[in-house]
1. Among (1) open to solvent by less than 10 Å² (accessible area, probe 1.4 Å); (2) in contact with a Gly (Cβ under 8 Å, 6 or more places away or on another chain), there is one condition Val89 misses while meeting the rest; what is its number?
2. Which residues, counting only those in region 26-63, are open to solvent by less than 30 Å² (accessible area, probe 1.4 Å), over 19 Å from His99 (Cα atoms) and either without any contact (Cβ under 8 Å) to a residue 12 or more places away in the chain or of a type outside the set (Gly, Ala, Ser) (or both)?
3. Assuming Thr132 fulfils every condition listed in (1) touching a residue at least 24 places away in the same chain (Cβ under 8 Å); (2) at negative phi apart from one, which condition is it?
4. Please state which one of Arg71, Arg66 is surrounded by fewer than 16 Cβ atoms within 10 Å (Cβ to Cβ) and either not in a strand (DSSP E or B) or not basic (Lys, Arg) (or both).
5. Which count do you get for residues in region 19-37 that are outside any loop (DSSP other than H, G, I, E, B) and of a type outside the set (A, V, I, L, M)?
6. Go through region 64-94 and report how many residues are free of Cβ contacts under 8 Å to residues at least 40 places away in the same chain and among the aliphatic types (A, V, I, L, M).
7. Look through region 158-192, keep the residues that are outside any helix (DSSP H, G or I) and open to solvent by 40 Å² or more (accessible area, probe 1.4 Å), and return whichever of them is farthest from Gln30 (Cα to Cα).
8. Would you confirm whether any residue within region 3-18 is at pLDDT 95 or above, assigned to a helix (DSSP H, G or I) and under 16 Å from the mean Cα position of the chain (by Cα)?
Amino acid sequence: MIRIGIILGSTRPNRKGPQVAQWVLDTASQRGDAEFELIDLRDHPLPHLDEPAPPMFGPSVHEHTRAWAERIAPFDGFVFVTPEYNGGVPGVLKNAIDHLCAEWTDKAVGFVSYGVSGGARAVVQLRTVCGTLGMADVGYQVAISVLTDFENHTTFTPRDHHVAALNKTLDQVIAWSTALAPLRAESPVTVG
């Protein structure tokens, strides 16, 4: 069965992301067409990119990067849950992406973003980064406003259009992950 990792891309104190990521996981888990797992970057503290060589040139010399690679490699696709900080991607998410290369390649990715403008500018940046890594970014996305979609600016209250957008995003991530499986089989990732 297709495995999709839901990556929570913020480690900031008092972050809104856990509510959003849990909603994505709960909604996705009601489906029967894939397995879903939440990956919180707080559980994978990575120093600012400290590799002596780019990840495209092979296994890391650092245990923290090898552990991160082992966590990411088994998944067929991803949903990045990301805030938008100052018009861009959170540094911790970009750093986590930059630690790896082959583990991302030929996998689908969808986006659930939140921010004052729904996190749209962070997703624009992530689409470029993911495309460079050989990921297939799906067209649908979920954009959540921190001004109108959080009751009292604290409690996430998804609306019907969010649920519809999430299901369309998941449909595409699963379909594209399935379609890309032959490419992943031709170039299996070995971690170590």
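1. Only one criterion in (1) open to solvent by less than 10 Å² (accessible area, probe 1.4 Å); (2) in contact with a Gly (Cβ under 8 Å, 6 or more places away or on another chain) is unmet by Val89, namely (1).
2. Thr27
3. If we test Thr132 against (1) touching a residue at least 24 places away in the same chain (Cβ under 8 Å); (2) at negative phi, just (1) comes out false.
4. Answer to the check: Arg66.
5. Residues flagged as outside any loop (DSSP other than H, G, I, E, B) and of a type outside the set (A, V, I, L, M) within region 19-37 amount to 9.
6. 1
7. That would be Gly192.
8. Yes - at least one qualifying residue is present in region 3-18.
The values are calculated or read from the model by the stated rules, or taken from the named source; none is laboratory data. If you're wondering where the values come from, they're calculated on a predicted model, not measured in any experiment. Here Cβ is always computed from backbone atoms with ideal geometry, including for glycine, and neighbour counts include all displayed protein chains. Only protein heavy atoms, including side chains, enter the accessible area calculation; ligands, DNA and RNA are left aside. Shrake-Rupley method; radii C 1.70, N 1.55, O 1.52, S 1.80 Å.
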